[in-house]
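Novice: The structure's right below; bear with me while I get my questions together.
Derivation of every value follows stated rules applied to the coordinates shown; laboratory data play no part. The model shown is predicted, which means the values in this text are computed figures rather than measured ones. All Cβ positions, even for glycine, are placed from backbone atoms using ideal geometry, and neighbour counts span all protein chains on display.
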Amino acid sequence: MARSEPTTQVVYLFLKDYIKQHTYPPSLREIAEGCYLSVAGVLRHLDHLEWEGKLRREPARARGITLVDEDEQAKGRPVLVLNRLVSALGRNDELPNQILAKEIAEAGDEAAVQELIDHLTDANKDIQNDCIKVLYEIGARKPELLDNGVAVDAFLRLLSSRNNRLVWGGMTALGTIADRQAAAIWQQIDRVMDTTDQGSAITQDWGIRVVATVSAQDAAYEERIFPFLLAFLKRCLPKDLPRHAESALIAVHAGNQAQMLALLESRKGALKPAQRKRVEQVIRKIKAL
């Protein structure tokens, strides 16, 4: 993360002075009044300070701010990822998770990524859900942070979870690194295809992207995967065909285009005008290969 903004430093100095004078931390409203900020603005600057390791917060406790002494700060940012998750903050929106993912990606924080992976098996289901959300958001921004065996193995294991959010979250995360980790995904391609075939709409959307991307990486992969793609596209609902065909396009080349063209042409009659238009765009792209 970049260095503290000037106003963030003002909030930090206000906290130091207040605690020195009163021996206990200020409330959010007192910080807002003392720094001429809104409460929402205060929360944003506290997020920055916590991320930098200058303070710790206990969201469930009033005045739950503790400043970290400078000796501890000098040792490096403590791992505070769990404190930043939606479930820890008592929020009902996804914004904190998205902000956290953005900051981890920008900082290239491998330790934070590992903490998130470790807590995919947390006893708290809400923490599990938040962790996979942050991880696939990181993958969308900086996939190289997930480009390792530990991450891909963790995501593949999630495909067998009884928690559907972990299943589609794991598939989404795999989708961000499928081109980088095709060989590892190939080792469990049957699991990936079965999960795609039987999964929810989101799982299927990302599953088709994953298997199509893997198929495109190696002729041996294609031999096993491309028939699955054709079979899936043949039986999926007409309303779903356009987006799945678009996702599968990466697996099509001059050597297999005739099979895909024949399938798509055979299904055009069942499509509504807008759906047919999208499929025809895919057909034109295939013919141009």
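Novice: If the elastic network links every pair of Cα atoms under 10 Å, which of 149, 255, 108 fluctuates the most in the Gaussian network model of the chain?
Specialist: Highest fluctuation of the listed residues: 255.
Novice: Now for a separate question. Which of the following values of Cα extents along the principal axes in Å was calculated from the structure shown: (1) 50, 40, 38; (2) 56, 51, 35; (3) 78, 39, 33?
Specialist: Step by step, Cα extents along the principal axes in Å for this structure corresponds to label (3).
Novice: Using Cα positions and a limit of under 13 Å, work out the aspartates and glutamates in reach of residue 285, with same-chain residues fewer than 8 apart set aside.
Specialist: Cα-Cα hits under 13 Å: 246.
Novice: I would also like to ask the following. Using alpha carbon centroids, what distance separates region 5-46 and region 189-232, in Å?
Specialist: 51
Novice: Relative to the Cα centre, what is the charge dipole magnitude of the chain, using +1 at the beta carbon of each Lys and Arg, -1 at the beta carbon of each Asp and Glu, and rounding to the nearest 20 debye?
Specialist: Values: 39 positive and 39 negative charges, 293 e Å.
In debye, rounded to 20, the chain gives about 1400.
Novice: Working out 0.36 nm times the residue gap between residue 235 and residue 197, then minus their Cα-Cα distance, what length gain in nm do you get to one decimal? All intermediate terms of the calculation are to be shown ahead of the outcome.
Specialist: Values: separation 38, 0.36 × 38 = 13.68 nm, distance 1.05 nm.
Between residue 235 and residue 197, full extension yields an extra 12.6 nm.
Novice: Taking other Cβ within 10 Å of each residue's Cβ, how do 282, 10 sort, fewest first?
Specialist: On the way: 282 22, 10 16.
Placing the least packed residue first, the sequence is 10, 282.
Novice: Order of 69, 218 from fewest to most other C-beta atoms within 10 Å?
Specialist: Values: 69 9, 218 13.
Ordered by Cβ neighbours within 10 Å, fewest first: 69, 218.
Novice: Need the list of lysines near residue 272 for cross-linking: C-alpha distance under 18 angstrom, and skip anything on the same chain fewer than eight residues off.
Specialist: Excluding near neighbours in sequence, the set is 234, 239.
Novice: Can you put 27, 215, 160 in order, fewest other beta carbons within 10 Å first? Can you show the working numbers first?
Specialist: Working: 27 15, 215 28, 160 12.
Ordered from fewest to most neighbouring Cβ atoms within 10 Å, 27, 215, 160 come out as 160, 27, 215.
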